[in-house]
Amino acid sequence: MKAIFLVKNGATDQAFEIREADRPVPNAEQVLIEVEAFGLNFADVMARKGLYRDCPPLPAIVGYDVVGRIVEKGKDVQNVDVGQRVSALTRFGGYAEFAVTQASAVAPISESMDIGSALALATQYCTAYYCAEEMSRLHPNDKVLVHAAAGGVGTALVQIAKYRGCEIFGTASTAKMDYLKKQGVHHPIDYRTSDFAQEIKNIIGDTGLDVIFDPIGGKYFKKGFKLLGSGGRIISFGASEMTNAKNIFQKLKFAKDFGIFHPVQFVMTSKSLLGVNMLRIADDRPLVFNRVFNEVIRWYEEGIFQPVTGKIFQFDEIAKAHQYMESRQSIGKIVVKCPHTRRNLARKA
Ligand SMILES: NC(=O)c1ccc[n+]([C@@H]2O[C@H](COP(=O)([O-])OP(=O)(O)OC[C@H]3O[C@@H](n4cnc5c(N)ncnc54)[C@H](OP(=O)(O)O)[C@@H]3O)[C@@H](O)[C@H]2O)c1
């Protein structure tokens with residue numbers, strides 16, 4: 001099979017090579033999927049830059065979500081069958097024509113579901129659902145801040161907050177303000193040109209926010225924590241800001257910018273910090289992940305979730321796809337199509 005290997009950390013033009021590789025073999029609890037398309041996630045950019053601790057040693061095939069058809073399954077797999085079209089979370093290995101993953105991280109989908117939606121549901125919507133529905137209940141009129149609100153996870157979080165009747169504050173860069181408004185963000189904030197914390201204080205005064213979803217970290221986290229009201233919680237699920245650090249000193253500064261917290265502070269102020277890593281949940285709590293994935297598909301079928309596909313790239317355009325994600329211009333899900341799957345070939349014919 002053809003696979004895209006991450007061969008070198010750093011710039012996009014030298015980081016990847018398309019190589020022949022052995023088709024992976026599923027174990028008793030896994031399935032083998034013939035991949036129609038795989039998705040990009042911000043963690044891929046972190047992995048490419050050598051900032052992602054869980055990434056396997058290079059050369060490695062990265063990639064967290066695929067859509068395709070099951071062509072083989074392990075002897076203990078019961079929830080899905082060979083021949084079914086599925087959306088799946090992979091633990092790396094997604095940038096290839098065939099990928100294996102645990103059957104608990106796979107959900108059957110309709111033949112008509114578009115590839116962007118199928119991919120966004122597996123990672124970004126599962127992450128958002130777990131953060132918002134399992135870790136932190138949202139209630140009507142809650143004041144909720146979503147950082148990077150126009151991105152993949154951000155779009156999903158906004159859709160959940162809207163469904164729960166919250167007052168939504170969303171940050172993104174300048175060109176995405178209209179998109180945020182269309183998605184239902186009540187207070188779109190351009191955090192590239194203004195101080196988001198000051199903007200929010202101007203709107204809410206001293207009442208404080210109920211929930212913050214923070215994938216950025218550093219000073220965004222520290223400022224966010226101060227914005228929380230009593231009973232407020234901050235869900236920390238990423239560190240995008242670290243990609244800006246060019247050397248060890250800037251990395252240390254990024255770590256310092258988070259601030260130092262003592263448990264007593266959480267008690268006295270009645271504020272909470274919650275951390276989420278969906279790979280840990282998928283690996284260590286497969287039943288929880290499977291429940292979340294099935295709920296995400298149900299919400300999609302009920303029209304609560306409406307994933308947005310940003311751009312679709314071809315297999316040999318992986319460098320361009322990464323540049324696009326890193327450029328901070330993207331909205332919604334970025335997709336890369338595999339050229340040789342039977343479904344894609346049939347569509348061409
Ligand atoms: N913990 C988990 O299990 C988990 C799972 C999935 C994703 N995540 C995290 O969630 C975040 C969103 O992931 P995604 O895949 O949906 O990506 P995404 O939001 O579609 O793309 C990244 C966006 O983040 C914004 N951003 C903010 N600060 C940035 C910075 N310093 N450098 C680059 N971009 C920056 C950019 O948009 P604007 O500048 O316009 O806002 C950019 O378009 C990432 O931090 C990712 O690591 C965590």
Selection from segment 33-45 of residues under 19 Å from Val106 (Cβ atoms) and either surrounded by fewer than 24 Cβ atoms within 10 Å (Cβ to Cβ) or within 16 Å of the ligand (Cβ to nearest atom) (or both) yields Glu34, Glu36, Ala37, Phe38, Gly39, Asn41
Scanning segment 36-89 for residues that are within 24 Å of Arg342 (Cα to Cα) and either in a loop (DSSP other than H, G, I, E, B) or at pLDDT below 95 (or both) gives Ile61, Val62, Gly63, Tyr64, Gly74, Val77, Asn79, Val80, Asp81, Val82, Gly83, Gln84
Among Val82, Val66, the single one that is touching a strand residue (DSSP E or B) at 6+ places or on another chain (Cβ under 7 Å) and open to solvent by 20 Å² or more (accessible area, probe 1.4 Å) is Val82
Looking across segment 310-326 at residues that are open to solvent by less than 50 Å² (accessible area, probe 1.4 Å) and over 18 Å from Ala3 (Cα atoms), the single one that is nearest to the ligand (Cβ to nearest atom) is Met325
Residue in segment 221-237 that is assigned by TED's automatic domain parsing to the domain that holds Glu133, touching a residue at least 60 places away in the same chain (Cβ under 8 Å) and under 18 Å from the mean Cα position of the chain (by Cα) present
yes
Of the candidates Arg48, Arg53, the one satisfying the condition of being surrounded by fewer than 14 Cβ atoms within 10 Å (Cβ to Cβ) and within 16 Å of the ligand (Cβ to nearest atom) is Arg53
Checked against (1) free of Cβ contacts under 8 Å to residues at least 60 places away in the same chain; (2) closer than 25 Å to Asn244 by Cα; (3) hydrophobic (A, V, I, L, M, F, W, C); (4) touching a helix residue (DSSP H, G or I) at 6+ places or on another chain (Cβ under 6 Å), Ala47 satisfies every condition except (4)
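If you check Ile260 against the conditions, is it surrounded by fewer than 16 Cβ atoms within 10 Å (Cβ to Cβ) and in a loop (DSSP other than H, G, I, E, B)?
In short, yes.
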- Tell me, yes or no, whether segment 259-278 has at least one residue that is free of Cβ contacts under 8 Å to residues at least 24 places away in the same chain and within 30 Å of Met1 (Cα to Cα). no
Picked from segment 282-295 (must be within 13 Å of the ligand (Cβ to nearest atom) and crowded, with 19+ Cβ neighbours inside 10 Å), the residue farthest from Gly93 (Cα to Cα) is Val292
If we take segment 280-349, then helices (runs of 4 or more DSSP H) inside it with 1 or more residues that are in the same structural domain as Thr12 (by TED's automatic domain parsing) are 318-326, 342-348
Cβ pairs under 7 Å, 6+ apart or interchain, first in segment 180-197 and under 20 Å from Ser330 (Cα atoms), second assigned to a loop (DSSP other than H, G, I, E, B) and within 15 Å of the ligand (Cβ to nearest atom), ordered by first then second residue, are Leu180/Ala149; Leu180/Ala150; Val185/Ala149; Asp190/Ser173; Arg192/Ser173
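The values are calculated or read from the model by the stated rules, or taken from the named source; none is laboratory data. Please read all numbers here as calculations on a predicted model, not as lab measurements. Here Cβ is always computed from backbone atoms with ideal geometry, including for glycine, and neighbour counts include all displayed protein chains. Side chains included, ligands, DNA and RNA excluded: accessible areas come from the protein's heavy atoms. Shrake-Rupley method; radii C 1.70, N 1.55, O 1.52, S 1.80 Å.
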